[in-house]
Amino acid sequence: MTPPVTLTDDALLIAPLPRAETIPSRWYVDADYHAFDQEAVFGRMWQLVGHVGQLAKTGDYVTAKVAGNPVVVVRDKTGDLRAFYNVCRHRGGPMVTAPCGHVNMLQCQYHGWTYRLDGSLRGVPRFKYTELFDKRDYGLVPLRVATWQGLVFVRLDDAEEPTLDELVDGIAARIAPWRLEALRFYRRVTYDVACNWKAYVDNYLEGYHLPLVHPELCERLDVRGYTTETFRWHSLQHSGFRGTGDGYYGGDNEAAYYYFVFPNIMLNILPGRLQTNIVEPVTADRCRVHFDYYYDDLSDEQRLAEDLAFSDKVQQEDIEICEHVQEGLTSRAYDRGRFSVQEEAGVYHFQCLLKAAYRSAMP
Ligand code: FES
Ligand SMILES: [Fe+2]
């Protein structure tokens, strides 16, 4: 793993929040930082890919991109979840191309090699004259898979730390009696955003921009009671409601929980509804954000449609500002800024975790 040549020890120092500067702009702009993020961060952390409800039966699958790698998770014949690189051992073709679905076996979409759901190579058409070829040497390459509260995670590397339990420590107790595994998958909506993934995450992690960027959301949330708490690997933005009861924005004794789990996972929990956001880096100046919607009740189609429409409106507002910010970060004018102690503890926490990840990947 090669750190960017411009990454100095000095930039990795962690100052207390009131004195800290934001991370340098080239971390959002330069291609070598994008490559370093993929290896030092995404190649070494648990990554959310979906929910067990999408993987209920043998042959059900979900796909994802993890650190740029195509991945598939499938329920095998014994009922276990298996994760593989979605990469055929012949010449690199994909077994599945949809975000999720169902298969009887994993068949490569290029020349038709077939793999069992345990990853072993089964069928190899028109290959009888190839010498020194043993099918047992050409199974799909596996990776680790684990679940928490019904959410399914994979991980590319073999390291123990941090464990999935450490990443989400305390969340289940905090959101009780809600249990995420009891919710049902409704729909995925994917957005392409012309900004670095870190600019998108920074924006998520503060309510400071709410009054100017999201005036309508401010009417539903009690922004004066908006709080940010940080934990070892995740943070929580927490808000009461104004009691309008619009959509899933509930009443006086209820609350919205906006969890961020390092490095790119967001769990937006309203009463009866979970929306996960997965921020996938694409290039230095592009990311893709997957919104997966889960509800306790899928029967009221109109209510669900209204929730998706309102979330889409808020997301378009965020996209617009994030794309402008990316231009600003790319400009000659900007290198590093400062944090509001009251409003940006979550951004600071994320950037500290990022620096620690960079540091641990330095030679
Ligand atoms: S690449 Fe998969 S069968 Fe050829
Ligand atoms: Fe926002």
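The values are calculated or read from the model by the stated rules, or taken from the named source; none is laboratory data. Quick caveat, the model's predicted, so the values are computed rather than measured. Glycine also receives a Cβ, built like all others from the backbone with ideal geometry; neighbour counts cover every protein chain displayed. Heads up: the accessible areas ignore ligands, DNA and RNA and are worked out on the full protein's heavy atoms, side chains in. Shrake-Rupley method; radii C 1.70, N 1.55, O 1.52, S 1.80 Å.
Applying D = kT/(6 pi eta Rh) to segment 239-363, where Rh is the Kirkwood radius over alpha-carbon pairs, T corresponds to 4 °C and eta to 1.567 mPa s, the Stokes-Einstein value obtained is 75 µm²/s.
Measuring max minus min along each principal axis, the C-alpha atoms of segment 86-216 give extents of 68, 34, 30 Å (largest first).
Express the accessible area of the chain per residue in Å², computed with a 1.4 Å probe while the remaining protein chains stay in the model. Using a 1.4 Å probe on heavy atoms only, each residue of the chain averages 47 Å².
From the Cα trace of segment 1-91, what convex hull volume per residue do you get, rounded to a whole Å³?
On the way: hull volume 14.4 nm³, N = 91.
Dividing the Cα hull volume of segment 1-91 by its residues yields 158 Å³.
What are the semi-axes of the equivalent ellipsoid of the chain, taken as the square roots of 5 times the eigenvalues of the Cα gyration tensor, listed largest first and rounded to whole Å? Equivalent-ellipsoid dimensions as semi-axes: 36, 27, 17 Å. Helix 301-330 and the longest principal axis of the Cα set of the chain meet at an angle near 80°. For segment 157-224, GluC sites (Glu not before Pro) are listed when DSSP marks them as loop and at most 15 other Cβ atoms sit within 10 Å of their Cβ; the list is Glu160.
Give a quick list of chymotrypsin sites (Phe, Trp or Tyr not before Pro) in segment 69-137 that DSSP marks as loop, anything other than H, G, I, E or B, with at most 15 other Cβ atoms within 10 Å. Could the numbers behind the result be given before it?
On the way: sites: Phe84, Tyr85, Tyr110, Trp113, Tyr115, Phe127, Tyr129, Phe133; in loops: Tyr110, Trp113, Phe127, Tyr129, Phe133.
Here the sparse-neighbourhood loop sites are Tyr110, Phe127, Tyr129, Phe133.
Treating cross-link reach as a plain straight distance, find the lysines whose alpha-carbon is under 30 Å from the alpha-carbon of Lys313, omitting any fewer than eight places away in the same chain. Here the lysines satisfying the reach criterion relative to Lys313 are Lys65, Lys198.
If you look at the Cα atoms of segment 160-304, you get an Rg and a Dmax of 15.4, 45 Å.
Note on Lys128: aspartates and glutamates with a C-alpha under 19 Å away, same-chain residues under 8 apart excluded, are Asp137. Summarising the overall dimensions of segment 47-155 from its C-alpha atoms, the Rg and Dmax are 13.8, 49 angstrom. Computed over protein heavy atoms with a 1.4 Å probe, the carbon and sulfur contribution to the accessible area of segment 47-155 reaches 48%. Put simply, the convex hull of the Cα atoms in segment 188-274 casts, on average, a shadow of 6.3 nm². Within straight cross-link reach of Lys355, meaning Cα distance under 12 Å, which aspartates and glutamates are found once same-chain residues fewer than 8 apart are removed? Excluding near neighbours in sequence, the set is Asp9, Asp10, Asp37.
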